[in-house]
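**Q** My questions all concern the structure below.
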Amino acid sequence: MDVSGRVLDWLYGVMASPVEALRAVAEEKPVWWAFAVVVGAVTLLSFGMLSQANLDALPGVTFEDLLGSVLIVAIVASTVGYFIGVGILHLAALLFGGEGSFAGLVSAMGFAQFPALLLLPLMVLARVGGPVVAGLSTVASIGVVVWVAALSVISLREAHGMSTRAAIGTCVFSIVIPVAALVGLALLVVVIAGIIGAGSSIAL
């Protein structure tokens, strides 16, 4: 059976037996199928969120107009962000002794996002249900997010042959470093702006 014939088995495996499924995906490296899973999830979730948006605050804007523009932005931003994020994670994994490939990690991480599609019916339930249903849907949504995060750790562990502890540490490290860099950059901009402002005041 070729790769395309095994995609459904892998998707089912992510839900039922994630370790074996994600290990197989990391070995086979179906990058384009993983990309399709990510884009499909982003598209459906964006559609779900927009379908519940209140367009009364945007007179003259139709759902179709908003859908087209938002989907394009969401797909492009998620694609770029996905590859950058996995790239940072891959480099961090190599730093922590990982031995996998970027293609294997991209593939496994992509398939790990599949359960995020469960957020779509939960969004609908939160919107149409009462306060109790909305609260339960919110709790369930948090559970799905935690589930996907756990699958991401498993993906990293299986793709790079790491221990669970090392995989968790790598994930935390890959998140903390970019955030710290952005905070440092923001502080640098503030300091430079302050120096320029002080220089301008002295000149006057």
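Each reported figure results from applying straightforward, stated rules to the coordinates on display, with no laboratory input. Being a predicted model, the structure only gives us computed values, none of them experimental. Don't worry about glycine lacking a Cβ; one is built from the backbone with ideal geometry, like all the others, and counts go over all protein chains shown.
**Q** Between SER69 and PHE35, what is 0.36 nm times their sequence separation minus the Cα-Cα distance? Round to one decimal in nm.
**A** Fully extending the segment from SER69 to PHE35 adds 10.2 nm.
**Q** Still on this structure: Under a crude label model (7 Å from the Cα following the beta-carbon direction), how far is VAL19 from THR79 in nanometres?
**A** Modelled inter-label distance: 3.6 nm.
**Q** On average over all directions, what projected area in square nanometres does the stretch 99-165 have, based on the convex hull of its Cα atoms?
**A** Over every viewing direction, the Cα hull of the stretch 99-165 projects on average to 4.7 nm².
**Q** I'd like the FRET efficiency for ALA140 and VAL183, computed as 1/(1 + (r/R0)^6) with the beta carbon distance as r and R0 of 41 Å, rounded to 0.05.
**A** It comes out at approximately 0.80.
**Q** Once the cut-off is 13 Å, how many percent of the Cα-Cα pairs in the stretch 1-47 end up in the long-distance tail?
**A** 58 percent
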